[in-house]
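A quick write-up on the structure given underneath.
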Amino acid sequence: MSEEINDNLIKYAERVNSFREQFQKWTEVEVKKYLIEPLLTALLWDPTDPNFVRHEFPVTMGSETKKVDYALMSGDTPICVVEAKAGDLDEVAARQALSYARNLSVPWALVTNGQRLRLYGVDFSKGEDVVNALVMDTEISPTRLMFLDYLKYLANGTLDSKEAYNVFKTFNERQTLLVFLQSKKEALVKDIAKWIEEHWSKGSVDEASLLAPLGIVFGRVERIKEGSTEGQASITRTTVVAGDFKYRRDLGEGIFELEMDPTKRIDVSLAGPNVECQLEKLGLRLSSKSAFGGFYYNLRREADLIRRRS
């Protein structure tokens with residue numbers, strides 16, 4: 001099922017891209033019809049079947065009855081409310097979706113314009129700050145396929161699972177920690193600069209010049225120590241994403257080099273298993289096995305090795 005969903009979402013990303021010049025002008029009705037309902041279909045939620053998707057689902061709010069755009073169903077019970085928005089997403093929409101979810105005792109609230117998705121967890125919501133309830137904020141684009149690893153948990157048959165809850169809980173913890181660290185950024189940089197002065201033989205470091213190397217160390221590259229097996233030394237590999245590679249057309253079709261180490265090159269004109277072997281030999285790895293499909297597709301597309309739809 002995962003491969004089917006990945007294929008569906010890649011096709012959907014191409015659909016979004018083909019409408020990129022138009023959808024900012026669309027009404028909410030048009031966004032629903034041309035983007036959001038096809039997205040639900042890609043995730044195996046059939047918007048024409050009320051057993052899976054209910055339209056204009058009623059929500060009792062005090063003495064009033066409101067209606068949420070869509071309710072994704074598990075039997076007779078809604079498990080996620082979906083608020084459709086035309087144009088940019090905002091905090092007002094998030095508050096509205098979360099209030100609907102709370103009143104329906106639904107765990108998840110999704111706000112989307114079909115091109116960007118923000119998922120919120122009711123269990124994670126504290127006080128008035130909706131940021132602490134945020135699970136994911138992802139953009140759908142054929143050139144940035146990391147969204148595949150996130151959205152597969154929204155699929156019909158998976159969303160109501162314990163696995164999805166645990167994954168979303170982890171996503172939420174990472175999101176809220178990131179927001180907290182960003183709010184303390186200046187203090188953190190000062191503390192790190194002070195630590196460097198104490199431990200680095202070259203002396204002091206300018207705080208402004210510190211930001212770029214910190215972005216490399218803590219941003220896109222991390223060191224993963226693989227568990228060692230008997231008789232083998234533990235292996236340290238570098239975790240990479242497609243954005244870490246630069247296309248070197250001058251070196252040949254499909255040749256990419258690692259920006260931080262140009263001596264490390266891969267050839268994505270070869271079959272997928274060959275590319276995986278190249279990464280392993282170079283001491284590189286992806287965040288998970290499921291991430292390889294998006295990584296490979298992304299680089300092959302950049303190298304014009306994938307036929308674009310006319």
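Worth pointing out:
- Consider segment 24-37 and keep the residues that are touching a residue at least 24 places away in the same chain (Cβ under 8 Å) and surrounded by fewer than 18 Cβ atoms within 10 Å (Cβ to Cβ). The one that is farthest from A84 (Cα to Cα) is Q24.
- Looking only at residues in segment 65-96 that are modelled with pLDDT of 95 or more and small (G, A, S), the one that is nearest to G121 (Cα to Cα) is A71.
- Scanning segment 41-57 for residues that are assigned to a strand (DSSP E or B) and surrounded by 13 or more Cβ atoms within 10 Å (Cβ to Cβ) gives V53, R54, H55, F57.
- Selection of segment 263-302 for residues being modelled with pLDDT of 90 or more, surrounded by 19 or more Cβ atoms within 10 Å (Cβ to Cβ) and assigned to a loop (DSSP other than H, G, I, E, B) yields only V268.
- Some residue of segment 5-12 being at pLDDT 95 or above, among the acidic types (D, E), in the same structural domain as L159 (by TED's automatic domain parsing) and under 19 Å from L117 (Cβ atoms): no
- Restricting the first member to segment 39-61 and to residues that are modelled with pLDDT of 95 or more, and the second to residues that are of a type in the set (D, E) and in a loop (DSSP other than H, G, I, E, B), the beta-carbon pairs closer than 6 Å and six or more apart or on different chains are F52/D46.
- Within segment 191-203, the presence of a residue that is modelled with pLDDT under 85 and of a type in the set (V, I, T) is excluded.
The values are calculated or read from the model by the stated rules, or taken from the named source; none is laboratory data. These numbers come from a predicted model, not from an experiment. Every residue, glycine among them, receives a Cβ derived from its backbone with ideal geometry; neighbour counts consider all protein chains shown.
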